[in-house]
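To start, the structure itself, in structure tokens.
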Amino acid sequence: MFKSIRYMNCFVCGKEKKDFEVWSNKLVIGITYDSDFQNDDVISNMSDKSIICHQCIIQIQKKIQDKLN
């Protein structure tokens with residue numbers, strides 16, 4: 001599994017990321033029970049093969065938290 005995502009571009013920022021810096025769509029949805037996060041436009045538009053970097057996940061979480069506050 002990891003060889004297929006070793007060098008991929010982030011779905012959001014487009015930067016090349018290495019395997020220790022990325023999350024696949026299945027992992028993103030699987031690790032959170034936060035429906036606001038799961039329903040975010042960026043997250044919901046990811047395909048099963050999309051890759052998103054940790055930095056972009058943090059930015060999405062901050063955006064959602066700002067909306068809730």
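The values are calculated or read from the model by the stated rules, or taken from the named source; none is laboratory data. No experiment lies behind these values; they were computed from the predicted model shown.
Tabulated data
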read-out	value
Candidate set from the range 18-64 (those that are under 15 Å from residue 8 (Cα atoms) and among the aromatic types (Phe, Trp, Tyr)); member that is modelled with the highest pLDDT	23
Those residues of the range 31-69 which are over 21 Å from residue 16 (Cα atoms) and among the basic types (Lys, Arg), in sequence order	62, 63, 67
